[in-house]
Amino acid sequence: MKFIILKENLNKGLNIVSRVTGKNSTLPILNNILIDAQKNFLNLSATDLELGIKYWSLIKTEKEGKITIPAKILSSFINLLPEDKIYFELKNQIFNINCQSYQTKIKGLSAEDFPIIPKIENNNFIQLDCQTFCKGLSQVVDFASQNQTTKPELSGVYLNFGKDTLSLTTTDSFRLAEKILFFEEKNNQELSLIIPQRSVREIINILSEKEGKLRFYFSTHQVLFEYFMSETDHPEIQLISRLIDGDYPDYQEIIPKKYEIQTLLSKEDFLNHVKTASIFSGKTNEIKIIVKKDGIEILSQNPEFGENKSFLSAQVKYASVGIKEMEVSFNYRFLIDGLLNIKGPEVIFELNGEGGPAVLKPKDDTSYIYIVMPIKST
């Protein structure tokens, strides 16, 4: 193996693929990056057996070949080199690196010992705008369940592909978030799948700033996301993740079809009032919201430190004339999480009594909804 690459391009690839390395003590090879010098391209690969990442960069190849190198050592060293061309040559499993006055040798492990990252043979794909997809994921990813044992299907992000839309959903049984994305062209593949939360976080971290289209390829147990280089028709990044087996619950039954009281609030004002109340919420994180005819009152108290009361003006709508006021308790963290993921200056807050699910959603955007369960009074 012998090739030349710009430090900037190599560093970019190492930063991407090394995100899944360095976490496995039982299989040391998983702490390595597979370096594959191909004709005109360098392919970097890494995996933790749940998520595999591949990155391609243009290089000048003099001799093709493969080797695996410890990710931490290689990344740390390359990061400190000057911004210039770097010359690589493999001799007897020793990776020789030359850049200006630096001459370094790193011991590698055979590429044959590196685990095979699965390939998806299905050539059919679905295509979406990369940034739109990542922004949608970011609005729901935090609300997946952290319990992977009891109900593993809730520990991932549920993707439901329809003819015109893609629904992204998560729930941990206490709250639920759904974001709907719209296809520019009709989608002929109607299917659903569950991606592990960690894989989704890496998709967001790696691809959220990328412009252009993202392709989805599917198999029974894996999903592949493929992003292409802007100047060629060659892939730049591939992320292949395992899927979570199981059936996602029929969450549509949880989404309220009506409300008892609906309020229209300034999102920033509501967020600030909830944050203020949280200071005095106590160990249970509980705050009380009392809806009145011209706004909401937010109460919190802590026997050790004191109490807080604030009032926020709002437009209030009642579903029936018999309702005068309503008092409902919430975990303030759940309210803050929902508000932070709502885009737009105004938020609709719908209540269904002290035991019914509450709804947070943007005033002018029907594509996002956040459901939160109240704290039931004892």
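The values are calculated or read from the model by the stated rules, or taken from the named source; none is laboratory data. Just so it is clear, the model here is predicted, and its values are computed rather than measured. With ideal geometry, Cβ positions are generated from the backbone for all residues, glycine too; neighbour counts draw on all protein chains shown.
Worth a mention:
- Condition broken by residue 237, with the remaining ones in (1) buried (at least 18 other Cβ atoms within 10 Å of the Cβ); (2) part of a helix (DSSP H, G or I) satisfied: (2)
- If the condition is being touching a Pro at 6+ places or on another chain (Cβ under 8 Å), assigned to a strand (DSSP E or B) and within 15 Å of residue 264 (Cα to Cα), then the range 322-350 contributes 346, 347, 348, 350.
- Of the residues making up the range 264-321, those that are in a loop (DSSP other than H, G, I, E, B) and among the hydroxyl-bearing types (Ser, Thr, Tyr) are 281, 284, 320.
- Residue satisfying all of: in the range 15-26; in contact (Cβ under 8 Å) with a residue 24 or more places away in the chain and surrounded by fewer than 23 Cβ atoms within 10 Å (Cβ to Cβ); nearest to residue 210 (Cα to Cα) among these: 16
- Restricting the range 240-263 to residues that are assigned to a strand (DSSP E or B) and among the hydrophobic types (A, V, I, L, M, F, W, C) leaves a set whose member that is nearest to residue 364 (Cα to Cα) is 261.
- Of the candidates 199, 230, 155, the single residue that is within 20 Å of residue 334 (Cα to Cα) and not assigned by TED's automatic domain parsing to the domain that holds residue 334 is 155.
- Of the criteria (1) under 20 Å from residue 29 (Cβ atoms); (2) modelled with pLDDT under 95, which one residue 173 fails: (1)
- Whether a residue is among the hydrophobic types (A, V, I, L, M, F, W, C) and out of contact with any strand residue (DSSP E or B) (no Cβ under 6 Å at 6 or more places or on another chain) was assessed, and residue 30 passes this test.
- Listed by first and then second residue, the pairs with beta-carbon distance under 8 Å, at least 6 apart or on different chains, first residue in the range 42-71 and not assigned by TED's automatic domain parsing to the domain that holds residue 23, second acidic (Asp, Glu) and part of a strand (DSSP E or B), form an empty list.
- Matching residues, the range 83-104, being under 12 Å from residue 65 (Cα atoms) and either outside the structural domain of residue 9 (by TED's automatic domain parsing) or touching a Lys or Arg at 6+ places or on another chain (Cβ under 6 Å) (or both): 89
- Evaluation of residue 299 against the conditions (1) touching a strand residue (DSSP E or B) at 6+ places or on another chain (Cβ under 6 Å); (2) within 26 Å of residue 255 (Cβ to Cβ); (3) surrounded by fewer than 20 Cβ atoms within 10 Å (Cβ to Cβ) shows that the sole unmet condition is (2).
- Single residue of the range 123-145 satisfying the filter (in a loop (DSSP other than H, G, I, E, B) and closer than 22 Å to residue 167 by Cβ) that is modelled with the lowest pLDDT: 124
- Of the residues examined, residue 99 is one that is touching a residue at least 60 places away in the same chain (Cβ under 8 Å), more than 30 Å from residue 219 (Cα to Cα) and in contact with a strand residue (DSSP E or B) (Cβ under 6 Å, 6 or more places away or on another chain).
- Restricting the first member to the range 158-176 and to residues that are surrounded by 15 or more Cβ atoms within 10 Å (Cβ to Cβ), and the second to residues that are assigned to a strand (DSSP E or B) and of a type in the set (Asp, Glu), the beta-carbon pairs closer than 8 Å and six or more apart or on different chains are 167/178; 168/178; 169/178.
- Residues that are closer than 18 Å to residue 213 by Cα and in a strand (DSSP E or B), drawn from the range 169-188: 180, 181, 182
- Subset of the range 360-378 (residues that are out of contact with any Leu (no Cβ under 8 Å at 6 or more places or on another chain) and of a type in the set (Val, Ile, Thr)): 366, 375, 378
- Figure legend. Inter-residue proximity from the range 128-147: first residues within 16 Å of residue 226 (Cβ to Cβ), second residues basic (Lys, Arg) and outside any helix (DSSP H, G or I), beta-carbon distance below 6 Å, spacing 6+ or different chains. Indicated pairs: 130/210.
- Those residues of the range 58-110 which are modelled with pLDDT of 95 or more, under 34 Å from the mean Cα position of the chain (by Cα) and among the small types (Gly, Ala, Ser), in sequence order: 71, 75, 76
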